[in-house]
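Student: Below you'll find the structure I mean.
Taken together, the values in this text are just the output of simple stated rules run on the coordinates, not laboratory data. Predicted, not measured: the structure shown is a model, and the values here were computed from it. Here the Cβ positions follow ideal geometry from the backbone for every residue, glycine too, while neighbour counts run over all protein chains shown.
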Amino acid sequence: MNRTTRRSLIAASLAAPFLARGALAQSWAPTRPIRFVVPFPPGGATDVVARVLGEGMQGRLGQAVTVENRTGAGGNVGVENVVRSPADGYSILMGTTGTLTINPHLYTSMGFNPANDLAPISMAFATDHVLIVHPSVPAQTAQEFLALVRTRPGALSYGSGGNGTSTHLVAELFKLVARVDIQHVPYRGSAPALNDTVAGNVQAMLDQLPSALGMIQAGRVRALAVTGPRRSRLLPDVPTLAEIGLAEAQATSWGAVMAPANTPAPIVDRLNATIREVLADAAVQARLAAAGADAVTSTPAELAAMMQRETAIWGSVVREARITVN
């Protein structure tokens, strides 16, 4: 697949209708706490959104929704924990672009397939990535950063949340389009990768905006570009990749709530309705927007179709960039 076609497919995928259809029956009511598994450490974008969403869900379901961080293998450990859990509504997952649509191309022996072994419930959020550098990097703009890495191929490094995560794939797409050589340093989640970027142990990162925003605002890292189709309202002075001539590196990450396969329809319907109700709340939308994420919902069928499209798209990126896991 050529880059122009891939970019068109990504744009079409992200433009897919996410608005839910009608009110759903609410015949299921939980009688004990629900585990909300996040397959990355606390502090990253996925964790931030899960905690806001979980808080809203428990008020509407009448039971505690407890976020549980289970990390490892690019998110596969947490995903498999939910895959192997009873399909009774008491274990749900905050899946991501990486865990649901990228990892199947990278981990050939996962032992599970997200498309077959998880039940889609609803989309939850979408967020741009932001190119950040440590203040010691002698580049005040994205153009200066590109000039720097082109004169010092392989000398600089970037952190990611792990092999196959969105912070890895988006960065590799950036490298592919910009034709630059920056060394990849994988971590067990975006939060520790961000910490090492702040410390200067790696020089750059293409982090999700919600997790990087606080460090940008505090001046601990410098934001050079955002990956979305338009400038972020939270960083109005930071250009898009398209504005600096890298339109084909545009990318948006997303997260979605999943359950074990064969979860009964009444449970899926109640969880879907609850999630849509929470994310329709203006106060919740404002909290997510302040963190750099957009609330996004869908029906289970729309989410399944989205996963199918994105799996094909990112598979092409993996092959074209020759990305492998260690």
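Student: In Å, the Kirkwood hydrodynamic radius of region 128-249 over pairs of distinct alpha carbons?
Tutor: Its Kirkwood hydrodynamic radius stands at 13.8 Å.
Student: Only helical DSSP H runs with n ≥ 4 go in: add -39500 (n - 2.57) per run for the chain, normalise by residue count and round the 222 nm mean residue ellipticity to 500 deg cm²/dmol.
Tutor: -12500 deg cm²/dmol
Student: Still on this model: Over all alpha-carbon pairs of region 87-130, lay out the pair-distance distribution in 5 Å bins, whole %, shortest bin first.
Tutor: Pairs per bin, as whole percents: 5, 17, 28, 23, 16, 10, 2, 0.
Student: For each of 254, 28, 314, count neighbouring Cβ atoms within 10 Å of the residue's Cβ, then give the residues from fewest to most.
Tutor: 28, 254, 314
Student: Along the positive direction of the dipole of the chain (beta-carbon charges: Lys, Arg +1; Asp, Glu -1; about the Cα centre), which of 59, 316, 81 reaches farthest?
Tutor: My answer, from the dipole projection, is 316.
Student: So, with +1 on the Cβ of K and R and -1 on the Cβ of D and E, and no other charges, what is the size of the charge dipole of the chain about its Cα centre, to the nearest 20 debye?
Tutor: The calculated dipole for the chain is roughly 240 debye.
Student: Between region 227-286 and region 34-84, how many Å separate their Cα centres?
Tutor: 16 Å
Student: By how many degrees, 0 to 90 and rounded to 10, does the Cα axis of helix 45-61 deviate from the longest principal axis of the chain?
Tutor: Taking the Cα atoms of the chain, the angle to 45-61 is about 20 degrees.
Student: Which of the peptides 70-79, 112-121 is most tightly packed, and how do the rest follow, going by the mean number of other Cβ atoms within 10 Å of each residue?
Tutor: 70-79, 112-121
Student: On the principal axes of its Cα set, how long, how wide and how thick is region 132-200? Give whole Å, largest value first.
Tutor: Sorted from largest, the Cα extents of region 132-200 read 30, 25, 17 Å.
Student: What angle do you read, to the nearest 10 degrees and between 0 and 90, between the alpha-carbon axis of helix 300-321 and the longest principal axis of the chain?
Tutor: Between helix and principal axis, roughly 30 degrees.
Student: Relative contact order, percent, of the chain when contacts are C-alpha pairs under 8 Å separated by at least 6 residues?
Tutor: Averaging sequence separation for qualifying contacts and normalising by length gives 29 percent for the chain.
Student: Sticking with this structure for a sec: How are the Cα pair distances of the chain distributed, in percent, across 20 Å bins from 0?
Tutor: Each 20 Å bin holds this share of Cα pairs: 35, 57, 8, 0.
Student: Ordered by residue, what ³J(HN,Hα) values in Hz, to whole numbers, does region 153-168 give under the Karplus form 6.51 cos²θ - 1.76 cosθ + 1.60, where θ = phi - 60° and Gly and Pro are x?
Tutor: For region 153-168, the Karplus curve yields x, x, 7, 9, 10, 10, x, 9, x, x, 4, x, 6, 5, 5, 7 Hz.
Student: What is the local net charge at residue 270, summed over the other residues whose Cβ is closer than 13 Å to its Cβ (Lys, Arg +1; Asp, Glu -1)?
Tutor: Taking every other residue near residue 270 into account, the sum is -1.
Student: State the answer as a single residue: which of 264, 200, 100 lies farthest towards the positive end of the charge dipole of the chain, with beta carbon charges of +1 for Lys and Arg and -1 for Asp and Glu, about the Cα centre.
Tutor: 200
Student: Now for a different question. Using only the alpha-carbon atoms, how far is helix 190-199 inclined from the longest principal axis of the chain? Give it as 0 to 90 degrees, nearest 10.
Tutor: Long axis of 190-199 versus the principal axis of the chain: about 30 degrees.
Student: A further question on this structure: Compute the label zone of residue 237 within region 112-147: residues whose backbone N is under 20 Å from the point 7 Å along Cα-to-Cβ.
Tutor: It comes to 130-146, nothing else.
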